[in-house]
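Enquirer: I'd like to ask you about the structure that follows.
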């Protein structure tokens, strides 16, 4: 069997690409469905999470992602090879409607084999979560930021176009079986091992209309998803009430409050969108050495923690439904050249003494402060069902950065 194509038969390289792609697709799709189903269990706030469940979900997702990246590169190589080869013409070109449908399905397959894994890869690179791709070239992509909007859009594109791919594969298989069983021609046979040339019909459908039809299908699929609101962003958790603003000597103008957890060896950083700080501060300490105090209230439901946000809200973790807020109360003291906030942190009803070192710069009526601390999640009874630090590390890093102005009185 020759390696290259002829106008009447496919070569060994093309056949290898075809069947390798088929094997990869029929591997990736079930893995994706199984992994997604297990992920719903992991992220469901009503379901307890165990080490075994998290590890199984991570394994399936890593397999799915790795196979998906393989499909992407195999598809690119296949397209390049196809462009360099003569393409055996259709055996049913004298039936225009059927022939154009076959060509449309081929274009949908080629485009989807690039777009589906690419959109999944972009989602992986733009979000924070576990389940790495098993390869030595890192987990990021050039020009793809870690951004919640990019992650949401790419995830939706991946979900929508996977159905276009699945539908195209189904039509492709159905067409091959029709040719083989009903028509009795060599369409399927000439893609099997061995040399199976067949005489194409004189009439052929051309590429213009099938390409336009394929573009219309992709546009309709994504447009339909947009009309259903699948691309809409909603940064707040359902039922999360906004915190009331507080009157403070120093009013926070801008700032961030972040946490970083490590799951399956991957760091996941998230931020709270809603928190308030009641701050008092004087350059001169009182007789006890206190420069002031800080009282921070945090809306737990406002946390965005990448792909594991829902899981974090569950009863085994923050249990946001029963404990909707966390609180940090501390006195501000000198600590060498910086400051330290010494007090208590309350999460899930568990109050733990903590010390948070931070730097403070005051310029007139404006103050900039940044700092952080590391806590043990077990002190707050968070994730007690996940006892393996390899699945979920015990240490959680809390960091803040804010700018505040002195209130006029």
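The values are calculated or read from the model by the stated rules, or taken from the named source; none is laboratory data. Note that the structure is a prediction, hence the values are computed from the model and not measured. FYI the Cβ positions are ideal-geometry reconstructions off the backbone, even for glycines, and counts take in every protein chain you see.
Enquirer: Does residue 86 satisfy the criteria of being surrounded by fewer than 20 Cβ atoms within 10 Å (Cβ to Cβ), out of contact with any helix residue (DSSP H, G or I) (no Cβ under 6 Å at 6 or more places or on another chain) and not in a helix (DSSP H, G or I)? Outline the logic, then answer.
Expert: On the way: surrounded by fewer than 20 Cβ atoms within 10 Å (Cβ to Cβ): yes; out of contact with any helix residue (DSSP H, G or I) (no Cβ under 6 Å at 6 or more places or on another chain): yes; not in a helix (DSSP H, G or I): yes.
It is true that residue 86 is surrounded by fewer than 20 Cβ atoms within 10 Å (Cβ to Cβ), out of contact with any helix residue (DSSP H, G or I) (no Cβ under 6 Å at 6 or more places or on another chain) and not in a helix (DSSP H, G or I).
Enquirer: Right, something else. Just a yes or no: is a residue in the stretch 66-81 over 25 Å from residue 138 (Cβ atoms) and more than 35 Å from the chain's Cα centre (by Cα)?
Expert: Scanning the stretch 66-81 turns up no residue that is over 25 Å from residue 138 (Cβ atoms) and more than 35 Å from the chain's Cα centre (by Cα).
Enquirer: Sort through 128, 140 and tell me the only one that's closer than 22 Å to residue 57 by Cα and surrounded by fewer than 16 Cβ atoms within 10 Å (Cβ to Cβ).
Expert: Values: 128 fails: surrounded by fewer than 16 Cβ atoms within 10 Å (Cβ to Cβ).
None of the other options fit; the residue is 140.
Enquirer: Could I ask something else about it? So, in the stretch 33-62, how many residues would count as being touching a helix residue (DSSP H, G or I) at 6+ places or on another chain (Cβ under 8 Å), within 13 Å of residue 385 (Cβ to Cβ), at pLDDT below 80 and in a helix (DSSP H, G or I)?
Expert: Qualifying residue count for the region: 3.
Enquirer: In addition: For the stretch 151-166, state whether one or more residues are loosely packed, with under 15 Cβ neighbours inside 10 Å, in contact (Cβ under 8 Å) with a residue 12 or more places away in the chain and outside any loop (DSSP other than H, G, I, E, B). Spell out how you get there, then give the answer.
Expert: Looking only at the stretch 151-166, we keep the residues that are loosely packed, with under 15 Cβ neighbours inside 10 Å, and these are 163, 166.
So of that shortlist, the ones also in contact (Cβ under 8 Å) with a residue 12 or more places away in the chain come out as 163, 166.
With the extra rule that they be outside any loop (DSSP other than H, G, I, E, B), the set shrinks to 163, 166.
Taking every residue of the stretch 151-166 in turn, at least one turns out to be loosely packed, with under 15 Cβ neighbours inside 10 Å, in contact (Cβ under 8 Å) with a residue 12 or more places away in the chain and outside any loop (DSSP other than H, G, I, E, B).
Enquirer: Since residue 191 meets every condition but one in (1) surrounded by 15 or more Cβ atoms within 10 Å (Cβ to Cβ); (2) over 17 Å from residue 102 (Cα atoms); (3) not assigned by TED's automatic domain parsing to the domain that holds residue 373, which condition does it not meet?
Expert: Among (1) surrounded by 15 or more Cβ atoms within 10 Å (Cβ to Cβ); (2) over 17 Å from residue 102 (Cα atoms); (3) not assigned by TED's automatic domain parsing to the domain that holds residue 373, the lone unmet condition for residue 191 is (2).
Enquirer: Something else: Just name the residue that is nearest to residue 299 (Cα to Cα) out of those in the stretch 314-350 that are touching a helix residue (DSSP H, G or I) at 6+ places or on another chain (Cβ under 9 Å) and not in a loop (DSSP other than H, G, I, E, B). Let's see the steps before the verdict.
Expert: Filtering the stretch 314-350 down to residues touching a helix residue (DSSP H, G or I) at 6+ places or on another chain (Cβ under 9 Å) leaves 314, 317-321, 323-326, 345-350.
Add one more test, that the residue is not in a loop (DSSP other than H, G, I, E, B), and what stays is 325-326, 345-347, 350.
Values: 325: 5, 326: 7, 345: 14, 346: 12, 347: 11, 350: 16 Å.
Once the filter is applied, the top-ranked residue is 325.
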